[in-house]
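S.K.: Below is the structure I would like to discuss, written out as structure tokens.
The values are calculated or read from the model by the stated rules, or taken from the named source; none is laboratory data. Model, not experiment: these values are computed from the prediction. Because the Cβ atoms are built from the backbone with ideal geometry, glycine has one as well, and the counts that use them run over all protein chains shown. With ligands, DNA and RNA removed, areas are computed over all heavy atoms of the protein, side chains included. Shrake-Rupley method; radii C 1.70, N 1.55, O 1.52, S 1.80 Å.
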Amino acid sequence: MRLLTHNMLSSNIKGVTNGFPLGIEVEKVIEKQVDFNPDFLRNMFAKVEWKALVDAARTMGYAELPEEADLSMLESDDFLKRFHHALLELHLEEGALVCPETGRKFPVNKGIPNMLLLEDEV
Amino acid sequence: MSSRPESLAPPEIFYDDAEARKYTSSSRIIQIQAKLSERALELLALPDDGIPRLLLDIGCGSGLSGETLTENGHLWVGVDISQSMLDIALDRQVEGDLLLGDMGQGLAIRPGVVDGAISISAVQWLCNADKSSHEPRLRLKAFFGSLHRCLSRGARAVFQVYPENLAQRELILRSAMHAGFAGGVVVDYPHSTKNRKEYLVLTCGPPSLSTATPKGKGEDGESGSDEEFSDEENQTIRTSDRHRPRKKQKTTKKGKGREWLLKKKEQMRRKGNTVPPDTKYTGRKRKSKF
């Protein structure tokens, strides 16, 4: 699972008002090469929650992202490369996602998070 | 006996390892899925500027539909309820990210981040109540509600669906409209039994020119017989009845002729029926004075 997906996911357990961002428990991280596309990154930047991405990347062992980011930084190639790496190339292969309110764990196996809810959580 | 998979077992059980492998190794299914996803992507009408979009594939299964999205340069996230199908998707090394989830429980996605959603032959599964806690109306509501939230403004969602009957189609449409979507049904090849395909084209946001439902393929001149009606929100919904022109029998004034008769007799002989022999009298008209 990419951090892009992590940045979109939020817990939808019944009664949870703010299920974002999900915590990450890391067991195994892998990296996959993806083609670099600055247009996509510029387009995506407005939609990404920056703080959540920085925290998630740090948990995965990548601390090269700046704490704060604004639109002017999108001009810099170096920044885009780091953004690209964190967003698309880091994969959480094994581990778990944790709901920030209830602490409920969603296990991640082979890179697929299991977001199925139990009947009393719907 | 119905052969709809929906009536056999719940999706997470029906698509077990064997079924998932069968599904993905059939070149016919692969071809159909590719064609359907291509058309769905066309109906999504994403701006043509070459920028990859972030799309959602609901009921992605083994990633057959996602492959079309990748080929067109988009990034996608797939959701499916069947672990076996997702395992196959992993084997096939699809480009998109995969989630194991139940669309009837609502999509666990943050508001306003997705640029579009497609779903190939999946939404009709929501009309089934496979567990005692399942209520199709509520599951559809949860699904469309969460989808409406997570799509960005003006984004479209295209679902290719196989509703079992009119009531199912109406149930799906009504749930979508209640969730705040505008749009309607596009029917491709409405007069064909095999090629007939229905797409639900939904748009997030207020009705405008861009939310007008596109025209279906193969509707030709007979679209006058399509009944069009408007619901309370003034969205046109196009449904088509299935009147086909009657096949005209090939008869001339002279009758079917000797050649035709000999052909039929030959057919009957091959079937093993007792057929009178062919003579010079075969297929000859009687004299009028007879």
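S.K.: Taking the Cα centre of segment A:30-122 as origin, sum charge times position over the Cβ atoms of Lys and Arg (+1) and Asp and Glu (-1), and report the length of that vector in debye to the nearest 20. Let's see the in-between values first.
M.R.: On the way: 10 positive and 19 negative charges, 35 e Å.
Approximately 160 debye in magnitude.
S.K.: Once you charge only the Cβ atoms, +1 for Lys and Arg and -1 for Asp and Glu, what is the size of the charge dipole of segment B:137-215 about its Cα centre, to the nearest 20 debye? Let's see the in-between values first.
M.R.: Numbers: 12 positive and 4 negative charges, 30 e Å.
The dipole magnitude comes to about 140 debye.
S.K.: On to the next question. Give me the compactness ratio for segment B:47-112, meaning the Cα radius of gyration over 2.2 N^0.38 Å. Intermediate values should be presented prior to the final figure.
M.R.: Working: Rg = 12.1 Å, N = 66, 2.2 N^0.38 = 10.8 Å.
With N residues counted in segment B:47-112, Rg over 2.2 N^0.38 Å equals 1.12.
S.K.: Next up: Please report, in whole Å, how far the alpha carbons of chain A spread along each principal axis, starting with the longest.
M.R.: Each principal axis gives a Cα extent; for chain A these are 48, 28, 21 Å.
S.K.: In whole angstrom, how far apart do the alpha carbon centroids of segment B:22-41 and segment B:57-83 sit?
M.R.: Cα centres, segment B:22-41 to segment B:57-83: 12 Å.
S.K.: While we're here: Could you state how much accessible area B:ARG258 has, in square angstrom rounded to the nearest 10, with a 1.4 Å probe and all protein chains kept in place?
M.R.: 100 Å²
S.K.: May I pose another question? Put one equal scatterer on each alpha carbon of segment B:29-143, apply the Debye formula with no solvent term, and list log10 I(q)/I(0) at q = 0.19 1/Å to two decimals.
M.R.: -1.03
S.K.: If you don't mind, there's one more thing I want to ask. What is the mean projected area of the alpha carbon convex hull for the protein assembly as shown, to one decimal in square nanometres? Could you put the intermediate results ahead of the total?
M.R.: Working: hull surface 114.0 nm².
One quarter of the hull surface, i.e. the mean projection, equals 28.5 nm².
S.K.: What net charge do the residues around A:MET8 carry, taking every other residue with its C-beta under 14 Å from that of A:MET8, with Lys and Arg at +1 and Asp and Glu at -1?
M.R.: Details: positive: A:ARG2, A:LYS47, B:ARG53, B:ARG110, B:ARG149; negative: A:GLU49, B:ASP57, B:ASP97, B:ASP115.
Computed value for this residue: +1.
S.K.: Quote the charge dipole size of the protein assembly as shown about the Cα centre in Debye, to the nearest 20; the model charges only the Cβ of Lys and Arg (+1) and of Asp and Glu (-1).
M.R.: Numbers: 59 positive and 59 negative charges, 1110 e Å.
The calculated dipole for the protein assembly as shown is roughly 5340 debye.
S.K.: Taking B:LYS217 as the anchor, which aspartates and glutamates have their alpha carbon closer than 14 Å to its alpha carbon, excluding any fewer than eight residues away along the same chain?
M.R.: Partners within reach: B:GLU38, B:GLU42, B:ASP188, B:GLU198, B:ASP226.
S.K.: Could you calculate the FRET efficiency of B:LYS35 with B:LEU262 from 1/(1 + (r/R0)^6), where r is the beta carbon distance between them and R0 is 45 Å, rounded to 0.05?
M.R.: Numbers: r = 43 Å, r/R0 = 0.96.
Step by step, r from the Cβ atoms, then E = 0.55.
S.K.: Something else: How many partner chain Cβ atoms sit within 10 Å of a residue's Cβ in peptide A:14-24, on average, as a whole number? Don't jump to the answer; show the numbers that get you there.
M.R.: Values: counts 2, 0, 0, 0, 0, 2, 4, 1, 1, 0, 0.
That average works out to 1.
S.K.: Here's a follow-up. Show the residues, 5+ positions off or on another chain, whose built amide H is closer than 5 Å to the amide H of B:ARG110.
M.R.: Counting only residues 5 or more places away or on other chains, the set is A:LEU9, A:SER10.
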